[in-house]
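Pasting in a structure now, in structure tokens, and then I'll have a few things to ask.
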Amino acid sequence: MKPSNGNNDFIVIKAIDDGVSVIGLTRGSDTRFHHTEKLDSGEVMIAQFTEHTSAIKIRGNAKIYTSIAELNSESNK
Ligand code: TRP
């Protein structure tokens, strides 16, 4: 799928714990979840922002690598 936002960058999510969720949110006036991917410890997802996806929510402990930041998401449980 060709990104429509002028940004071809990939984001990389590596799960630290089991049960990390990577949730894609829709582009446009209606912002809702359209896809949820579950990752177990050590699993990696490589994704882009696309004409369908304008935001990505990550729940659980994961390492996130993007062109603007490398950071950890954390679980409060
Ligand atoms: N069908 C989705 C899309 O083209 C697939 C996708 C791309 C996705 N990036 C994502 C799903 C990030 C979840 C998170 O937009």
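The values are calculated or read from the model by the stated rules, or taken from the named source; none is laboratory data. Since this is a predicted model, take the numbers as computed values, not measurements. Note that each Cβ is placed from the backbone with ideal geometry, even for glycine, and that neighbours are counted across all protein chains shown. Ligands, DNA and RNA are excluded from the accessible area calculation, which covers all protein heavy atoms including side chains. Shrake-Rupley method; radii C 1.70, N 1.55, O 1.52, S 1.80 Å.
Taking only protein heavy atoms into account and a 1.4 Å probe, give the accessible area per residue of the chain in Å².
Value for the chain: 68 Å² per residue.
While we're on this one: Percent antiparallel among DSSP beta bridges with both residues in the range 11-73, to the nearest 5?
100 percent
If you don't mind, another one. Quick check: at a probe of 1.4 Å, how many percent of the accessible area of the chain sits on carbon and sulfur atoms?
The C+S portion of the solvent-accessible surface of the chain is 47 percent.
Build a GNM of the chain with springs between Cα atoms under 10 Å: which of ASP30, ASP40, ASP18 gets the top mean-square fluctuation?
ASP30
Related question: For every other residue with a beta carbon closer than 11 angstrom to the beta carbon of GLU43, add +1 if it is Lys or Arg and -1 if Asp or Glu, then tell me the sum.
That sum, taken over residues with Cβ under 11 Å, equals -2.
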